[in-house]
């Protein structure tokens, strides 16, 4: 019999699911709302100062996604604000029945939309590096 199904060994997929605490759920909800705010702010900033505004908007989104991941210690900490960001940007992209819209059809809008999604994927899949334990500079000691 394999040890992958036991509690102590095996992959993470074989481990039993645990229920997240109320504080963690509140943190994810807060990150979701903050992602929506950053998405709306980026939508307003990026066309204003085209090359620098786009860079500022994408840098702010990357900082939020990576910061959420580091603050919670999980990849879901990056996915929650990314979901809020994508939702707000997609809602702002849709035109209204009156013909009003926030995004114009231009290269900056497409770069903001696709670049933000790429940054979200990069931050969500970015793993924490393993830190060696111990104090020695040489691994053999």
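Listed conditions (1) at pLDDT 85 or above; (2) over 29 Å from residue 24 (Cβ atoms) are all met by residue 94, apart from (1).
Scan the range 122-141 residue by residue and report those that are loosely packed, with under 14 Cβ neighbours inside 10 Å and at pLDDT 65 or above. Residues satisfying the conditions are 122, 125. Quick check on my filter: what residues within the range 79-91 are at pLDDT 90 or above and over 16 Å from residue 24 (Cα atoms)? Once the filter is applied, which keeps residues that are at pLDDT 90 or above and over 16 Å from residue 24 (Cα atoms), the range 79-91 yields 82, 83, 84, 85, 86, 87, 88. Can you confirm whether residue 76 is under 9 Å from the mean Cα position of the chain (by Cα) and modelled with pLDDT of 90 or more? Considered against the rule, which asks whether it is under 9 Å from the mean Cα position of the chain (by Cα) and modelled with pLDDT of 90 or more, residue 76 comes out as no. Residue count for the range 23-46 under the criterion of being more than 17 Å from residue 91 (Cα to Cα) and more than 17 Å from the chain's Cα centre (by Cα): the result is 1. For the range 61-73, filtering for residues that are out of contact with any helix residue (DSSP H, G or I) (no Cβ under 8 Å at 6 or more places or on another chain) and either surrounded by 17 or more Cβ atoms within 10 Å (Cβ to Cβ) or within 15 Å of residue 119 (Cα to Cα) (or both) leaves 2.
The values are calculated or read from the model by the stated rules, or taken from the named source; none is laboratory data. If you're wondering where the values come from, they're calculated on a predicted model, not measured in any experiment. All Cβ positions, even for glycine, are placed from backbone atoms using ideal geometry, and neighbour counts span all protein chains on display.
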